[in-house]
1. Give me the number: length gained by fully extending L463 to I75, i.e. 0.36 nm times residue separation minus the C-alpha to C-alpha distance, one decimal in nm.
2. Calculate one ³J(HN,Hα) per residue across segment 382-391 by plugging θ = phi - 60° into the Karplus curve 6.51 cos²θ - 1.76 cosθ + 1.60, and present them in order as whole Hz with x for glycine and proline.
3. Would you rank Y53, Y370 by solvent-accessible area, highest first, keeping every protein chain in place and using a 1.4 Å probe?
4. Order the following by accessible area, largest value first: W345, W114. Probe radius 1.4 Å; ligands, DNA and RNA are ignored.
5. With a 1.4 Å probe and every protein chain left in place, tell me how much accessible area D227 has, in Å² to the nearest 10.
6. Arrange the peptides 68-78, 334-344, 215-225, 396-406 so that the one whose residues have, on average, the most other Cβ atoms within 10 Å appears first.
7. Can you give me the solvent accessible area of R444 with a 1.4 Å probe, rounded to the nearest 10 Å²?
Amino acid sequence: MVNVPDPAPSSRKLVGQPLLISISIFASLGVFLFGYDQGVMSGIITGPHFRKYFGNPDAVSIGTMVAVLEVGAFITSAAAGRVGDIVGRKGTLFIGAIVFTVGGAIQTLTTGFWTMIVGRVISGFGVGLLSTIVPIYQSEISPPNHRGSLACMEFTMNIAGYSSSVWMDYFCSYLDSDLSWRIPLFVQCIIGAILAAGALVMPERWCIDTDKDAEGFRILVDLHGGDPEDPTAIAEFKEIKDRVMEERASGVARSYHEMWKKYKRRVLLAMSSQAFAQLNGINVISYYAPRVFEGNQYLDPYPLSGLPCRIEAGWIGRDAILMTGINSLIYILSTIPPWYLVDRWGRRPILLSGAVIMAISLTATGWWMYIDVPRTPNAVVICVIIYNAAFGYSWGPLPWLYPPEIMPLTIRAKGVSLSTSTNWAFNFLVGEVTPELQEVITWRLYPMHGFFCVCSFILVYFLYPETKGVPLEEMDLVFGEDEREEMEENADDDDEEDNEIDETTSLLSTETPNGHGSRKRHRKAGWFGIFRRRPISGEP
């Protein structure tokens with residue numbers, strides 16, 4: 001029996017929804033930062049002062065300079081699960097912001113190629129921590145019926161960061177000096193310092209897991225309006241504490257090995273969502289959009305590099321950055337509909353429809369580049385805008401929402417760290433090889449990523465369960481990992497030799513936030529059992 005403690009004293013003036021919205025927006029500065037960093041390089045790598053300063057780098061050097069950030073991000077995102085469990089969510093947020101700021105300062109003051117590489121790697125360390133911990137923090141403070149909306153708003157901040165960096169590149173391109181690329185790099189240091197300062201005063205629900213019950217209950221009370229007698233806050237505290245105590249009583253270590261053994265299916269689904277977010281082609285546009293828009297009548301986007309290549313769509317120099325900026329504004333707008341749709345339609349319909357539109361638009365992009373007619377430049381811009389809009393509505397926000405909500409509290413940080421490190425591993429792969437592929441396979445690059453969009457459609461259709469409106473502490477019901485089900489299945493195995501599909505058994509008499517009773521299905525185990533999608537009641 002969980003005893004509800006007297007809440008710790010609170011000095012917060014904001015409570016309830018204003019508090020929730022305020023801390024959600026501020027935490028989103030973390031994703032704004034890595035969105036900014038992803039976009040800032042896309043504009044400066046085509047600038048004449050940047051190319052001259054770095055000795056007119058070839059495609060491989062450009063790819064390395066852009067993609068090496070993902071190496072640092074991969075390392076710390078893999079470690080962020082452990083860090084998040086030791087110093088907490090806001091502690092990890094603070095460390096990530098400080099590290100990112102230091103890396104940004106080194107990039108701004110760089111004296112050459114290798115100094116830039118060091119700065120990019122250090123910034124990557126910060127990005128890895130931020131990109132892992134911000135979605136966890138967001139999912140833990142969000143109510144079930146608004147969790148998807150708040151996560152999608154968080155992604156909008158990521159794209160706002162990307163767009164801001166592109167427009168900063170564009171306006172600074174009018175500066176006739178090295179400031180044209182140093183100023184955009186310096187701006188990220190300012191944002192990082194602001195985030196680090198604010199992280200020190202942010203509340204976190206995670207403290208309940210470390211037995212700081214009074215403080216944790218106070219945070220829940222504040223999030224639910226400030227009344228210590230609020231039944232929703234009390235019920236949520238009991239549910240979280242019950243879950244924590246149950247995990248401790250099980251005696252299972254909170255290790256990566258145990259997580260993999262017990263939650264293999266969840267981990268693989270979380271990792272796959274982030275992998276396909278990159279394989280579906282977004283960073284071909286995010287990192288190299290000005291190169292995509294440059295082109296056909298301009299034989300070499302790097303005039304002094306000695307590379308006699310014809311690249312892409314026919315927009316030149318500053319105009320290419322301008323087109324990238326316009327595209328980024330449409331990209332931002334496309335991230336707004338999921339605010340309203342993700343908790344109404346659900347996760348699966350959005351991912352499926354997005355994959356279809358992206359596959360078509362990427363294939364069309366390659367086709368227009370292949371036929372190379374006068375209308376190709378405008379057609380490519382339209383195709384890329386449609387693609388970005390589809391990604392911003394679907395595979396942009398949802399792979400950041402899905403992993404933290406399907407992971408149980410005790411291993412959430414570790415599970416999300418694995419999924420996020422998968423993102424950065426594939427992010428690095430795409431960022432590194434894209435400049436070379438643009439020159440070697442040219443227009444075929446885009447249908448290739450369209451094929452991955454088709455693969456992601458198949459994966460979601462057959463394997464991804466719907467999680468709309470399911471409380472984090474009840475996610476076991478979706479995946480069929482509840483202990484009661486296991487005992488019932490064991491009993492059924494003893495009684496039934498053939499392990500036939502049993503009758504659906506009601507596990508809870510209360511309704512889920514979907515308005516449906518929580519029901520589970522017993523199914524025959526098999527080699528593909530870790531992948532089998534078990535829909536909750538009411539799911540098509």
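The values are calculated or read from the model by the stated rules, or taken from the named source; none is laboratory data. These figures come from a predicted structure and were not determined experimentally. Positions of Cβ are backbone-derived with ideal geometry, glycine not excepted, and every protein chain shown enters the neighbour counts. Remember, those area values only see protein heavy atoms, side chains included, never the ligands or the DNA or RNA. Shrake-Rupley method; radii C 1.70, N 1.55, O 1.52, S 1.80 Å.
1. 136.8 nm
2. 5, 5, 5, 5, 4, 4, 4, 5, 5, 5
3. Largest accessible area first, the list is Y370, Y53.
4. W114, W345
5. 80
6. Taking the mean over residues of other Cβ atoms within 10 Å, the ranking is 396-406, 68-78, 215-225, 334-344.
7. The accessible area comes out at roughly 120 Å².
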